[in-house]
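*Asks:* Quick one: structure below, then a few questions.
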Amino acid sequence: MNETFDKIKQQVDALLASEQADLEEIRIRYLGKKGELTALLRGMGKLSPDERPIFGQKANELRAYIEAALEEKKAEQKKAAEANQLKAERLDVTMPGKTPILGKRHPLAQVEEQLVNIFLGMGFDVVEGPEVEYDYYNFQALNIPENHPARDTQDTFYISPKVLLRSQTSGVQVRTMEKQKPPIRVISPGRVYRSDEVDATHSPMFHQLEGLVVDKGITMGDLKGTLELFAKKMFGNDTKIRFRPHHFPFTEPSAEVDISCFVCGGEGCRICKGEGWIEILGAGMVHPNVLRNCDIDPDEYSGFAFGLGIERIAMRYFNINDMRLCYENDVRFLKQF
Ligand code: PHE
C-alpha cells in the first residue's frame, strides 16, 4: 500500500520537476474522475475494515500533497511567465531614438502669413473671394467691358462664357463693396489663374494679395504711406518705395510700385538684376466707375487698391530662381526655408 502511494508521489514529483509541466494534464491524470488516485480509492472496498481508515488517511494525505504541489508549481510558472514578459518588453532607453521627420510651412505660405500679419497690424480685415468667379466680378464691374484689351493680358480658363477661374483677386474689391459700405479696409489673399505657359517665372496658377481702402477723403498720399510702411515692415526699415505711372482699368491714377532692393539697398545686384529696384505690386485710386458699380458715390467717397504677387515676393525674399520649384513639393527644396 505504502509503495503504491510512494510511487505516485515520486511520479508527480518527477512530472512537476519540468519547468513546462502541464499542470492540468497532471491533475486529471492523478486526481481526475478516471485518475490514478481516484482508482485506488475505488478499490478500497476490497480492503479489510482495519486497513480502510489507514488507507483513506494516506490517500487524503497524498491528494493534499498533489494539490499543494500543483498550486505551488502554478505560482512558480506564473512568476516565470511574468519575468519572461518583462525581459521581452524591456525598453533600452540608451538606444538612439528615431527622429520624426518634421514638416515646415511652405515658403509661399510663410510669405503670405507675413504679409497678412503686417496688414492685420495696420487694421485691415481679411476677406475671401471665390476662385471660380463670374465674368462680372473679374472683369465687367472692374471697368473691363467685353472686348477690352485688358482681357487679353489676363486670359484665363472659362467654365462657361460667364464663369471663369479668376485671373486676379481684384474681383474681391467689388464683392466687398457690394456687401459693406465705407469705411472699408480689407486685404484678400488667394489663388488666381491665367492661361500662361509654364516657365521659370510663369504658372497658370499663382497667388495674389489684394488690398482695398475706401472712406471719405482717401488720397494717393494714404496709398503711399500705407505701402511705404508695409515695405519697411516686410523688407527692412531702410526700404524705399517708388511709384511708376501705369494703367489699370479699375484704378485712376494707376501705378506700378517698386521697392529699393533689400539685398544691395539700391546699388544693383543679382537679386534686383542690377537695377536697384524690385517691382512688387500694382496699385492706384479706385476708379469712380467701380465705386458706382457698387453703389458707392464717388463724389462722397474715394479709395485706393493694390494687388501684389505672392510668388514674386517669395522668390525675391528667399532667392528662388524658378517658380516651378514652388509647386513640385520636393522636400529637398522645401526644407531650405
Ligand atoms: N489686379 C492687378 C493685376 O493682377 C493688380 C492691381 C490690383 C492693380 C489692385 C491695381 C489695383 O495685375
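*Asks:* Looking only at the stretch 207-230, how many residues end up being of a type in the set (G, A, S) and within 16 Å of the ligand (Cβ to nearest atom)? First the steps, then the outcome.
*Replies:* First pass over the stretch 207-230, keeping only residues of a type in the set (G, A, S): 211, 217, 221, 225.
The next check asks that each one be within 16 Å of the ligand (Cβ to nearest atom); those that pass are 211.
Here the count works out to 1.
*Asks:* Turning to a different aspect of this structure: Select from the stretch 252-274 the residues that are farther than 16 Å from Y317 by Cα, touching a residue at least 12 places away in the same chain (Cβ under 8 Å) and either away from the ligand (no atom under 16 Å from the Cβ) or aliphatic (A, V, I, L, M) (or both) and list them in ascending order.
*Replies:* A255, V257
*Asks:* R105 fails exactly one of the following numbered conditions: (1) closer than 24 Å to K232 by Cα; (2) of a type outside the set (A, V, I, L, M); (3) modelled with pLDDT of 95 or more. What is the number of that condition?
*Replies:* In the conditions (1) closer than 24 Å to K232 by Cα; (2) of a type outside the set (A, V, I, L, M); (3) modelled with pLDDT of 95 or more, R105 misses (3) alone.
*Asks:* I'd like to check something: does the stretch 277-295 contain any residue that is open to solvent by 60 Å² or more (accessible area, probe 1.4 Å), more than 16 Å from the ligand (Cβ to nearest atom) and not charged (D, E, K, R)?
*Replies:* Yes, the stretch 277-295 has at least one match.
*Asks:* Please pick out the residue among P204, P249, P161 that is over 20 Å from Q114 (Cβ atoms), more than 16 Å from the ligand (Cβ to nearest atom) and either open to solvent by 50 Å² or more (accessible area, probe 1.4 Å) or in contact (Cβ under 8 Å) with a residue 24 or more places away in the chain (or both).
*Replies:* When all the criteria are applied, what remains is P161.
*Asks:* Kindly evaluate R191 against the criterion of being open to solvent by 80 Å² or more (accessible area, probe 1.4 Å) and either closer than 30 Å to K335 by Cβ or of a type in the set (A, V, I, L, M) (or both).
*Replies:* yes
*Asks:* Quick check, is I144 more than 14 Å from the ligand (Cβ to nearest atom), outside any helix (DSSP H, G or I) and modelled with pLDDT of 95 or more? Working first, answer last.
*Replies:* Values: more than 14 Å from the ligand (Cβ to nearest atom): no; outside any helix (DSSP H, G or I): yes; modelled with pLDDT of 95 or more: yes.
Judged against the criteria, I144 is not a match.
*Asks:* Got a sec? Which of K104, K98, K87 is surrounded by fewer than 17 Cβ atoms within 10 Å (Cβ to Cβ), touching a residue at least 60 places away in the same chain (Cβ under 8 Å) and farther than 17 Å from L209 by Cα?
*Replies:* K104
*Asks:* Given the conditions (1) over 60 Å from the mean Cα position of the chain (by Cα); (2) surrounded by fewer than 10 Cβ atoms within 10 Å (Cβ to Cβ); (3) modelled with pLDDT of 85 or more, report the number of the one that A68 does not fulfil.
*Replies:* If we test A68 against (1) over 60 Å from the mean Cα position of the chain (by Cα); (2) surrounded by fewer than 10 Cβ atoms within 10 Å (Cβ to Cβ); (3) modelled with pLDDT of 85 or more, just (2) comes out false.
*Asks:* List pairs: first residue in the stretch 312-337 and touching a residue at least 60 places away in the same chain (Cβ under 8 Å), second residue charged (D, E, K, R) and outside any loop (DSSP other than H, G, I, E, B) anywhere in the structure, Cβ distance under 6 angstrom, at least six positions apart or on different chains.
*Replies:* From residues that are touching a residue at least 60 places away in the same chain (Cβ under 8 Å), the pairs are M323/E311.
*Asks:* Return the residue satisfying two criteria in turn: it lies in the stretch 166-184 and is out of contact with any helix residue (DSSP H, G or I) (no Cβ under 9 Å at 6 or more places or on another chain) and away from the ligand (no atom under 13 Å from the Cβ), and of such residues it is least open to solvent (accessible area, probe 1.4 Å).
*Replies:* First, the residues of the stretch 166-184 that are out of contact with any helix residue (DSSP H, G or I) (no Cβ under 9 Å at 6 or more places or on another chain): 169, 176, 179-183.
Next cut, away from the ligand (no atom under 13 Å from the Cβ) only: 179-183.
On the way: K179: 168, Q180: 67, K181: 100, P182: 21, P183: 89 Å².
The residue in question is P182.
*Asks:* Would you kindly identify the helices (runs of 4 or more DSSP H) lying entirely within the stretch 263-337 that contain at least 1 residues that are within 30 Å of D215 (Cα to Cα)?
*Replies:* Passing ranges, in order: 288-293, 310-318.
The values are calculated or read from the model by the stated rules, or taken from the named source; none is laboratory data. The shown structure was predicted, so the numbers you read here are calculated from the model rather than taken from an experiment. Here the Cβ is made from the backbone with ideal geometry for all residues, glycine too, and neighbour counts use every protein chain on show. The protein model used for the area step is the full one, side chains on, heavy atoms only, and it has no ligands, DNA or RNA in it. Shrake-Rupley method; radii C 1.70, N 1.55, O 1.52, S 1.80 Å.
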